[in-house]
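Shown next, in structure tokens, is the structure this report addresses.
Bear in mind these aren't lab numbers, they're just calculated from the coordinates by the rules spelled out. Note that the coordinates shown come from a computational prediction; the quantities given were computed from them, not determined experimentally. Cβ placement follows ideal geometry from the backbone for every residue including glycine, while neighbour counts extend to all protein chains displayed.
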Amino acid sequence: MSLLVNRENKDVLKQRLKEEKIARKTISFYRYVSIANPKELRDELFKIWSDWNCFGRIYIAHEGINAQMSVPENVWDKFVLHLNQHQQFAGVPFKHAVDGNGKSFYKLIIKVREKVVADGINDPDFDPSNTGKYLNAEEFNKALDNPETIVIDMRNHYESEVGRFDNAFCPDADTFREELPLVINHLKGKEDKKIVMYCTGGIRCEKASAYFKYKGFKDVNHLHGGIIQYAKEVKEQGVESKFKGINFVFDERVGERITDDVLSECHQCGKPCDTHVNCKNDDCHLLFIQCAECAEKMNGCCTPECVKITALPIEEQRKLRKGRIKNGPECLAVYKSRLRPNLKEIIKNNLSLRNI
């Protein structure tokens, strides 16, 4: 019988994935649907998908499921058949990765959560099933051509920084929970305007569109299947891509390139760049944009402080971290939020960099 958690070292798992010969599909799917016993379903899926060597990150709650996965092609048919045997998931649409690279996850994680997307909404009268109108790629493009249309990016700031639709309002927020009130405030007084929104795979817009309708907005629309499906339709139908740059994704690839446009810059030197990395300091892991030159100079770190820590023997690093709560007040991370730290200024002013 399969274990209900994965206990193997991540470096071992990543190396195993790198050496793996089988072909994989990177897919995502979600559905808002009532699930009576999320824990029971979680354990069932973990057992079966582990046996099939499926990887990914899946969240299950009473309100539904949200999954990003890497599925071996040799089990794809039975994977789909098994999912469809669950009545609440029958016919669920899959979004397939644009680049076709199935090596996007190195292990299987399935978690039970209060909500599949944390939204901060606690209003008992809110009905998340009363969603806005779906738009396909061509319909979305037509809506964008209308200068009266209000375009909303329902993703986090680090996602929109590297890729977005022109003229979109991109909330300066770290989470979906933070974005909702920011967007509501931005739309105040525009209840009769045509609103179109987009996100990565559609799940955030699904709930946001229902929430905006609940708040009194009349003409609410959202991109069906998100940027992932949009990019697929653009490619297959020869439709112009009005989305520019990279679609940020939450797996080992970090991003899928949709167009060659580079919309952002290295956070450390200012050169055009859209490569997201995590700081190599294990007690930091700040997500930021770093060019190849700065990656070499800074040893993959965000600040001189983190460079010095990573230069210590691994046992010394572990001693520094021992007993601390991850991301707690004593954490060595220079930043606890991903909201645009001014790394250029820190590096410029930090004389200790001379000693690196």
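A few comments on the model shown:
- Span from the segment 142-183 Cα centroid across to the segment 232-306 one, whole angstrom: 18
- Computed from the alpha carbon atoms alone, the convex hull of segment 199-261 holds 97 Å³ per residue.
- Quotient of Cα Rg and 2.2 N^0.38 Å for segment 133-237, N being how many residues it contains: 0.98
- With R₀ set to 35 Å, the beta-carbon distance separating LYS193 from GLN88 gives a calculated FRET efficiency near 0.50.
- For LYS271, the shell of other residues with beta-carbons less than 14 Å away shows a net charge of -2, using +1 for Lys and Arg and -1 for Asp and Glu.
- Candidate aspartates and glutamates - alpha carbon under 17 Å from LYS25, same-chain residues fewer than 8 apart omitted: ASP51, GLU73, ASP77, ASP99, ASP251, GLU252, GLU256
- Under-5 Å amide H pairs with PHE169, H placed in peptide plane, nonlocal only: VAL151, ILE152, ASP153
- Between CYS294, CYS302, CYS54, the Gaussian network model of the chain with springs among Cα atoms under 10 angstrom shows the greatest mean-square fluctuation at CYS294.
- Working ranking of peptides 214-226, 86-98 by packing, defined as the average number of other Cβ atoms within 10 Å per residue, highest first, is 214-226, 86-98.
- Calculated mean residue ellipticity, 222 nm, the chain: -8500 deg cm²/dmol, from DSSP H runs (n ≥ 4) at -39500 (n - 2.57) each, averaged per residue and rounded to 500.
- Near the amide H of ASN350, within less than 5 Å, lie no amide hydrogens of residues on another chain or at least 5 residues away, with H placed in the peptide plane.
- Whole-Hz couplings from phi, Karplus 6.51/-1.76/1.60, listed for segment 259-276; x for Gly and Pro: 9, 7, 4, 10, 9, 10, 9, 4, 5, 9, 10, x, 6, x, 6, 9, 9, 7
- Taking only Cα atoms of the chain, radius of gyration then Dmax in Å: 21.5, 62
- Taken over segment 105-157, the convex hull of the Cα atoms encloses 192 Å³ per residue.
- From most to least packed by mean Cβ count within 10 Å, the peptides 162-175, 303-316 give 162-175, 303-316.
- Sequence-separation-based contact order of the chain, relative, with Cα cut under 8 Å and 6+ spacing, percent: 13
- For the peptides 103-112, 179-188, 117-126, residues were scored by their other Cβ atoms within 10 Å and the scores averaged per peptide; the highest-first order is 103-112, 179-188, 117-126.
- Estimated FRET transfer efficiency (GLU316, GLU178; beta-carbon r; R0 30 Å; 0.05): 0.25
- Vicinal HN-Hα couplings computed from phi for segment 106-113 (Karplus, 6.51 cos²θ - 1.76 cosθ + 1.60; Hz; Gly/Pro x): 10, 7, 9, 10, 10, 10, 8, 10
- Inter-site label distance for ARG113 and GLU265 at 7 Å from Cα along Cβ, in nm: 3.4
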